[in-house]
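Asks: Got a structure for you, questions after.
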Amino acid sequence: MLTAAHTQLGGPIVLVWDNVGLHLSRAMRAWITARDWLTVFQLPAYAPDLNPVEGIWSSLRRTSLANIAFADYTHLVTAVRRGLRQIQYRPTIITGCLIGTGLAIGPGDITH
């Protein structure tokens, strides 16, 4: 996916990754090192406050998934997809999750 994105975008990619085992593996580090167009920053071992996705999931749990007894896995997946689709079209939520990390965000980094 990263190679395809690089090919399509035609420029360098900066990636911020969590510490899932695959992201830390020797093979992955070698793969990253071999690509001069890719810069990877690892989040600290446990830093949900620095991960904007945590804010998205928190919003999703409070709005779309609260107080529901899911009938089955399909019902859960449908609710999650519907909730994420609603968030997708509300850029203020996404922007708020990015700003909520407290990380430096400069002019032009976020578009509405």
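Asks: Quick one: in segment 39-80, which of the residues that are in contact with a strand residue (DSSP E or B) (Cβ under 6 Å, 6 or more places away or on another chain) and polar (S, T, N, Q) is farthest from residue 95 (Cα to Cα)? Lay out the reasoning, then the answer.
Replies: Quick first cut of segment 39-80, residues in contact with a strand residue (DSSP E or B) (Cβ under 6 Å, 6 or more places away or on another chain) only: 39-42.
Narrowing the set further to residues that are polar (S, T, N, Q) leaves 39, 42.
Numbers: 39: 23, 42: 21 Å.
In this case the residue turns out to be 39.
Asks: Next question, about the same structure. Regarding residue 30, is this residue loosely packed, with under 13 Cβ neighbours inside 10 Å, among the hydrophobic types (A, V, I, L, M, F, W, C), within 29 Å of residue 9 (Cα to Cα) and more than 13 Å from the chain's Cα centre (by Cα)? Break it down into steps so the answer makes sense when it comes.
Replies: On the way: loosely packed, with under 13 Cβ neighbours inside 10 Å: yes; among the hydrophobic types (A, V, I, L, M, F, W, C): yes; within 29 Å of residue 9 (Cα to Cα): yes; more than 13 Å from the chain's Cα centre (by Cα): yes.
Considered against the rule, which asks whether it is loosely packed, with under 13 Cβ neighbours inside 10 Å, among the hydrophobic types (A, V, I, L, M, F, W, C), within 29 Å of residue 9 (Cα to Cα) and more than 13 Å from the chain's Cα centre (by Cα), residue 30 comes out as yes.
Asks: So in segment 82-112, with the set limited to residues that are under 13 Å from residue 54 (Cα atoms) and small (Gly, Ala, Ser), which one is modelled with the lowest pLDDT?
Replies: Here the answer is 100.
Asks: I'd like to check something: does segment 39-53 contain any residue that is more than 18 Å from residue 2 (Cβ to Cβ), touching a residue at least 40 places away in the same chain (Cβ under 8 Å) and of a type in the set (S, T, N, Q)? Spell out the reasoning first.
Replies: Going residue by residue through segment 39-53, those that are more than 18 Å from residue 2 (Cβ to Cβ) are 44-52.
Applying the additional criterion that residues be touching a residue at least 40 places away in the same chain (Cβ under 8 Å) yields 49-52.
Those still in the list that are of a type in the set (S, T, N, Q) too: 51.
Yes - at least one qualifying residue is present in segment 39-53.
Asks: A further question follows. Can you tell me which residue is surrounded by the fewest Cβ atoms within 10 Å (Cβ to Cβ) among those in segment 7-27 that are part of a helix (DSSP H, G or I) and under 18 Å from the mean Cα position of the chain (by Cα)?
Replies: If we filter segment 7-27 for residues that are part of a helix (DSSP H, G or I), which is where we start, we get 7-9, 21-24, 26-27.
Applying the additional criterion that residues be under 18 Å from the mean Cα position of the chain (by Cα) yields 21-24.
Working: 21: 7, 22: 9, 23: 15, 24: 12.
The selected residue is 21.
Asks: Looking only at segment 44-65, which residues are assigned to a loop (DSSP other than H, G, I, E, B) and over 12 Å from the mean Cα position of the chain (by Cα)?
Replies: Answer for segment 44-65, where residues must be assigned to a loop (DSSP other than H, G, I, E, B) and over 12 Å from the mean Cα position of the chain (by Cα): 44, 45, 46, 47, 64, 65.
Asks: Could you tell me how many of the residues in segment 28-43 are at pLDDT 90 or above and part of a loop (DSSP other than H, G, I, E, B)?
Replies: 4
Asks: In addition: Consider residue 88 carefully, then state whether it is exposed (fewer than 14 other Cβ atoms within 10 Å of the Cβ) and either over 19 Å from the mean Cα position of the chain (by Cα) or not assigned by TED's automatic domain parsing to the domain that holds residue 11 (or both).
Replies: Numbers: exposed (fewer than 14 other Cβ atoms within 10 Å of the Cβ): yes; either over 19 Å from the mean Cα position of the chain (by Cα) or not assigned by TED's automatic domain parsing to the domain that holds residue 11 (or both): yes.
Taking the combined requirement at face value, the residue satisfies it.
The values are calculated or read from the model by the stated rules, or taken from the named source; none is laboratory data. Keep in mind that what you see is a predicted model, and the values were worked out from it rather than measured. Cβ atoms come from the backbone with ideal geometry, glycine included; neighbour counts cover every protein chain shown.
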